[in-house]
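> Quick one: the structure is below, and I'll ask about it shortly.
The values are calculated or read from the model by the stated rules, or taken from the named source; none is laboratory data. A quick note: this is a predicted structure, and the numbers were derived from the prediction, not measured. Methodologically, a virtual Cβ is constructed for each residue, glycine included, from the backbone with ideal geometry; neighbour enumeration extends over all protein chains shown. What goes into the accessible areas is simple: the full protein's heavy atoms, side chains included, and nothing from ligands, DNA or RNA. Shrake-Rupley method; radii C 1.70, N 1.55, O 1.52, S 1.80 Å.
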Amino acid sequence: MTRRSAPCHQVGNEFDKWTVQLRKGLLELCVLNALSRRERYGYELVKALTRMPELGMTEGTLYPLLARLRVQGMVSARLEESPEGPARKYYRLTKEGRHMAKKMNRHLALIVESVGNVQTQEQSE
Amino acid sequence: MMEWTKSARDEYERCCESLQAGITPESKYAELDPEELLEDIRRHVYEDLVASGAQTITQEHVRQAFARLDVHDWCAVEASVPRREAGTQSPGRSPWIKLPVGCAPTIFIVFGILLPALTLLVELNSGMCADEFFDPIPTVWHALLVATVPVGCALLFFSPSSLKLRLHKPYAVLLGLIGIVAAFYTLLFMPVLPMAFFGLALFGIGLMPLSPAISVIAIMLVGDRFFRDVEPHVTGTLRRLWGGVALGFLALLLARSTSTLTNIGLRMATSDTVESRAEGIVFLRRFGNEEAILQNCYFEPGFGGLGIREGRNTARGSLEELLLGTVTPITSSEARDVYYRVTGRPFNDVPPPEGYLGAQGWRAPKTWGEFDRGFGLDQVSRRLRGLELAESLLDVKLEPDAAVGYLEWTLEFKNSVPREREARALIDLPSGAVVSRVTLWIDGEEREAAFGGREQTRNAYRAVVRRRLDPLLVTTAGQDHVLVQCFPVPPDGGRMKIRIGLTVPLPLHSGETIGVPLPVFSERNFGLAEGLTHSLWVESSAPLEDLCGDLEARAGASGRHVLRGFVSDQRLNDGRPLMRGSRRQEVLTAVAQLEGEQSLVVQTLGQEDVAPPRRVALVVDGSVAMGEYAAAIGDALLALPDSIEFVLLIAGDTLVEEPLGEAQPAARREQGSAALLDFVFEGGRDCVPALVRAFDYAGDDGEGEILWLHGPQPFEFEPIGPLIQHYVRADCGTIVRDVSVKAGPNVVALELGAAGVLRPLIRRGELEFDLTSLFDSWKGTTQRLVLKREQIPNLSLRIDPTDTVSASEHLVRLWVYDEVKRLLAVPGDDNREQATALAAKHALVTPVTGAVVLESKEQYEGAGLQPVDPSEVPSVPEPEMILLVVGVLSLLLFSLWQRRRKGMTA
């Protein structure tokens, strides 16, 4: 009896689920990295992150995330008057946030490296 | 500043309220401050609306902004707050068409990318649609625009989402551009769509006409996917899409602009009203495309491009006109007329249009289907692709003392297309020259022509041509012009060789200098092989002088003088002499034995007084060919003597007459010279109105003269009849001195020549030199050298051996030609028959006789013709020369002895 392989679309669905899980864990790091060089106002930050479809972010999810990071002390916020419309809210990394980002990036690099090592090991065996 | 509609503001508030209510203790982010979150969302939506660029914010704008936010997964908002569709990235919008998973990419690649690419390649290669209906790709720009459709579809289809986002601006422009191109072609192919559906349903063919419509669907699909990919993340994409549409429309308009403007100009130039026609010509000179007009000159619709019938041009390729249904037919002869007026060149003076894309064309010309409308007829007609002159040899032998020359022009044609061709050429002969030998090579053997009545030879030629056998025909085509036609130039690189022999009276520059005029092509239906030059060999008993710098002097056999070299066709055509020869000034008489009769032809050189004209009308053709000579004519004009009244008439689109009013002679000349420099020489102009005015100015008292400087004029615009009538009825003896600066067909010159009014100006050098010399000669009464030929009985000749030379039989031929013209000048059948018999006997091509070479004895017998005995034909050198010289010298000695005896008796 031959074993039938999974249809293409089924593989695609599994892959989509996996990417959703992967992205979830990386959301905070992405926000912290986006603020690592300079402060940004909310709309600018949201657009910069949503422009990268691989990250799978939607605009609505980022504001609660920013609010939570602020509560956690990773980012600070300040309001600045805009020439048109409501005042803009600028976000920047705090010292804790910068430290956290550094740790998270280092750990992610280790994970990626380990994944690569596992693959190399498997191939050599 | 943005303006909000009431519904937009209401929607905004409603969504915000819903959000506020939705952030409950049970929600995902219950620990967060709802007020703060709400403020963030409000700010974001506002910034988003500003970024959209909309001046007026509508309810839909607000809904889209909230949909992009998509707060449903963390906030229990009302269902009425817009949300993003599950599984898509496009807010509030599902894919335009959902194709079955798996087969979608294949279908798209086949129909959206490969089909339009294939259609374009097939049309470019075969011209299928261009042959049958209209040319969808009339320019290279159209080809490029059409190519953007498959390329654009492929780019949009295969690009990853990240690339689309990064390049969303150019991609949106591209999408708009290919969309409008595909839509335009769908509209264009609309009339043939029913036929295509029918063919597809019944025979499974006809997909290509459907290609634009299928492309539109493909572009909508790929566009929909593109917007779903980028819309959630960026704004303003739609604006750029419309920018692309505008760009595509502009590109289509620009690509068509030259041919559209040309078609508009052609309609104007061939309209019913004189004003519109004149405006059309001016319009075409400014905005028209020469190649497009030329294509109209050649277009012969019908039977899938086989061109069985010629005449109506459906303005092929006029997409806009086809769409608007405003196609007005233009005949190819109308287009040829317009081509001359616009460019100043006969349409067959330039190579035929190359393929469908004209000058830019990469599509191979369809020579296999080209139909030769002039086949067997007495017109040169269109240039034939693939037919060219491969070799041209001019052998000239001069008898300078007798001012007679014999010239043989050997022409070899090559045909590179897979179909037999007839080569036709109108040859402009030196003034007074006559064709005295015609030879055709058949299977490597020389066959001499039979000389007979004009119609007799023409009918014999047509009969043989119809049977696709080898004939050659030479007939006259107006004063000093012959039409040469030979068939068949074999296909696939085959060659055909012919030779025309001319007996030429040499113009006397002075008692001791002669000119050596050469024949030129006035019109031809073949091209010249690349780099072809005419190989020239001129031989004389007296020194020869090279005037063009291309010839090399060398010593010939028996101490004869030779000039040889290679001359370009352009140089041969520009009217300037290539060389001149010396002669013995003391020789005043030349004699030649008239074969079979007890008489001689005697040519005597005399002088006659020529009084200068009192009035001169200087007629200058305003065509483009004359432009480079304007300064030379203007400078020469200053040398016109004060005693001569003059008027300068420039044949422009309207007649320019200078000088006007009273002024001192010098001032008038200056005025005329300045007018020439100021005039814009362009296109092709009609000289008839200027010549009519010139005849009026010259008057009826015989003291006026016309000097006409011109280029080619292949068409009659204003009727020439009244001009000839004016001259003939007035019978005033007004002379038109003819100066042609460029070889080419000229119907006005032919008509004036036939009326006997033209007298070519003997060219000795550059135009300014010749004109200045002429004007200098008008400063007082001058003496002109005149050659007079007559037949006298042998014994009545009084010969002075010191001033007499014997001449070859060519002198006899020139006398016979004089006789034929004299006989024909008097109406009457007897004279005509006598002239025909005389010309045929002496093997001359005259207005009443022609020369034809046929393939076999039976063909000659069937036509009632007898070919010339090869041993009796003239050649270079003349075969009978030695015998003739001996004979005439004996005669001279006999005459001298007789005179001395009479003296002794006395």
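> Look through the range B:801-827, keep the residues that are part of a loop (DSSP other than H, G, I, E, B) and touching a helix residue (DSSP H, G or I) at 6+ places or on another chain (Cβ under 9 Å), and return whichever of them is surrounded by the most Cβ atoms within 10 Å (Cβ to Cβ).
Restricting attention to the range B:801-827, the residues satisfying the condition of being part of a loop (DSSP other than H, G, I, E, B) are B:801-803, B:807-808, B:826-827.
Imposing the further condition that a residue be touching a helix residue (DSSP H, G or I) at 6+ places or on another chain (Cβ under 9 Å) reduces the set to B:801, B:807-808.
Details: B:PRO801: 12, B:ALA807: 27, B:SER808: 25.
So the residue we want is B:ALA807.
> Could you pull out the residue among B:GLN593, B:GLN607 that is more than 47 Å from the chain's Cα centre (by Cα) and either outside any loop (DSSP other than H, G, I, E, B) or crowded, with 24+ Cβ neighbours inside 10 Å (or both)?
Among B:GLN593, B:GLN607, only B:GLN593 is more than 47 Å from the chain's Cα centre (by Cα) and either outside any loop (DSSP other than H, G, I, E, B) or crowded, with 24+ Cβ neighbours inside 10 Å (or both).
> Checking the structure you have, find out if any residue of the range B:473-486 is under 23 Å from B:LEU865 (Cβ atoms), free of Cβ contacts under 8 Å to residues at least 12 places away in the same chain and not in a strand (DSSP E or B).
Taking every residue of the range B:473-486 in turn, none turns out to be under 23 Å from B:LEU865 (Cβ atoms), free of Cβ contacts under 8 Å to residues at least 12 places away in the same chain and not in a strand (DSSP E or B).
> Of all residues in the range A:78-103, count the ones that are away from chain B (no Cβ under 14 Å) and open to solvent by 100 Å² or more (accessible area, probe 1.4 Å).
First pass over the range A:78-103, keeping only residues away from chain B (no Cβ under 14 Å): A:92-103.
Still in the running and open to solvent by 100 Å² or more (accessible area, probe 1.4 Å): A:92, A:95-96, A:98-99, A:102-103.
Total satisfying the criteria: 7.
> Would you say B:GLU705 is in contact (Cβ under 8 Å) with a residue 40 or more places away in the chain, open to solvent by 10 Å² or more (accessible area, probe 1.4 Å), farther than 27 Å from B:ILE281 by Cα and among the charged types (D, E, K, R)? It would help to see each step written out before you state the result.
Numbers: in contact (Cβ under 8 Å) with a residue 40 or more places away in the chain: yes; open to solvent by 10 Å² or more (accessible area, probe 1.4 Å): yes; farther than 27 Å from B:ILE281 by Cα: yes; among the charged types (D, E, K, R): yes.
Taking the combined requirement at face value, the residue satisfies it.
> Picking from A:VAL75, A:VAL46, which residue would you name as being in contact with a helix residue (DSSP H, G or I) (Cβ under 9 Å, 6 or more places away or on another chain), within 22 Å of A:ASN105 (Cα to Cα) and at the interface with chain B (Cβ under 10 Å from one of its Cβ atoms)?
Selected residue: A:VAL46, the only one of A:VAL75, A:VAL46 that is in contact with a helix residue (DSSP H, G or I) (Cβ under 9 Å, 6 or more places away or on another chain), within 22 Å of A:ASN105 (Cα to Cα) and at the interface with chain B (Cβ under 10 Å from one of its Cβ atoms).
> Then there's this: Among the residues of the range B:9-27, are any in contact with a strand residue (DSSP E or B) (Cβ under 9 Å, 6 or more places away or on another chain) and at pLDDT 75 or above?
The answer is yes; a qualifying residue exists.
> Considering only helices (runs of 4 or more DSSP H) fully contained in the range B:53-172, which possess at least 2 residues that are modelled with pLDDT of 80 or more?
B:59-69, B:115-126, B:140-158
> Of the residues in the range B:633-647, how many are over 21 Å from B:ASN746 (Cα atoms) and surrounded by 20 or more Cβ atoms within 10 Å (Cβ to Cβ)?
Total meeting the criteria: 6.
> Separate question: Take the residues of the range B:525-555 that are among the aliphatic types (A, V, I, L, M) and over 30 Å from B:GLU586 (Cα atoms): which is surrounded by the most Cβ atoms within 10 Å (Cβ to Cβ)?
Filtering the range B:525-555 for residues that are among the aliphatic types (A, V, I, L, M) and over 30 Å from B:GLU586 (Cα atoms), the one surrounded by the most Cβ atoms within 10 Å (Cβ to Cβ) comes out as B:LEU528.
> Based on what the data block shows, is B:SER522 modelled with pLDDT of 90 or more, surrounded by fewer than 17 Cβ atoms within 10 Å (Cβ to Cβ) and part of a strand (DSSP E or B)?
No; evaluated as a whole, the condition is false for this residue.
> Sticking with this one: Quick one: B:ASP470 ticks every box in (1) in a loop (DSSP other than H, G, I, E, B); (2) surrounded by fewer than 19 Cβ atoms within 10 Å (Cβ to Cβ) bar one, so which box is it?
Looking at each condition in turn, B:ASP470 falls short on (2).
> Of all residues in the range B:505-519 being more than 15 Å from B:TRP409 (Cα to Cα) and touching a Leu at 6+ places or on another chain (Cβ under 8 Å), which is surrounded by the most Cβ atoms within 10 Å (Cβ to Cβ)? Before the answer, list the steps.
In the first step, residues of the range B:505-519 are kept if they are more than 15 Å from B:TRP409 (Cα to Cα); the result is B:505-515.
Those still in the list that are touching a Leu at 6+ places or on another chain (Cβ under 8 Å) too: B:505-506, B:508, B:510-511, B:514-515.
Numbers: B:PRO505: 24, B:LEU506: 24, B:LEU508: 19, B:SER510: 10, B:GLY511: 15, B:ILE514: 28, B:GLY515: 22.
It comes out as B:ILE514.
To keep it simple, each residue is scored yes or no on (1) modelled with pLDDT of 80 or more; (2) among the aromatic types (Phe, Trp, Tyr); (3) in a helix (DSSP H, G or I).
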| position | (1), (2), (3) |
| --- | --- |
| B:LEU241 | yes, no, yes |
| B:LEU254 | yes, no, yes |
| B:GLY265 | yes, no, yes |
| B:SER271 | yes, no, no |
| B:GLY305 | no, no, no |
| B:GLU310 | no, no, no |
| B:GLU321 | no, no, yes |
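> Can you name every residue in the range A:35-76 that is of a type in the set (Asp, Glu) and at pLDDT 90 or above?
Answer for the range A:35-76, where residues must be of a type in the set (Asp, Glu) and at pLDDT 90 or above: just A:GLU39.
> For B:GLY622, all conditions in the list (1) at pLDDT 90 or above; (2) of a type outside the set (Asp, Glu); (3) open to solvent by 10 Å² or more (accessible area, probe 1.4 Å) hold save one; what is the number of the exception?
So B:GLY622 meets the others, but not (3).
> Would a scan of the range B:668-677 turn up a residue that is open to solvent by 40 Å² or more (accessible area, probe 1.4 Å), among the aliphatic types (A, V, I, L, M) and without any contact (Cβ under 8 Å) to a residue 24 or more places away in the chain? If you could, list the steps in order and put the result at the bottom.
So in the range B:668-677, the residues open to solvent by 40 Å² or more (accessible area, probe 1.4 Å) come out as B:668, B:670-671, B:674, B:677.
From what is left, the residues that are among the aliphatic types (A, V, I, L, M) are B:674, B:677.
Subset that is without any contact (Cβ under 8 Å) to a residue 24 or more places away in the chain: none.
Among the residues of the range B:668-677, not one is open to solvent by 40 Å² or more (accessible area, probe 1.4 Å), among the aliphatic types (A, V, I, L, M) and without any contact (Cβ under 8 Å) to a residue 24 or more places away in the chain, which makes the answer no.
> So A:LEU35 fits all but one of (1) crowded, with 16+ Cβ neighbours inside 10 Å; (2) at the interface with chain B (Cβ under 9 Å from one of its Cβ atoms); what number is the exception?
Of everything listed in (1) crowded, with 16+ Cβ neighbours inside 10 Å; (2) at the interface with chain B (Cβ under 9 Å from one of its Cβ atoms), A:LEU35 misses just condition (2).
> Here's another thing I want to ask about it. Which condition from (1) of a type in the set (S, T, N, Q); (2) over 17 Å from B:GLY864 (Cβ atoms); (3) open to solvent by less than 10 Å² (accessible area, probe 1.4 Å) is the one that B:THR476 breaks?
All conditions pass for B:THR476, except number (3).
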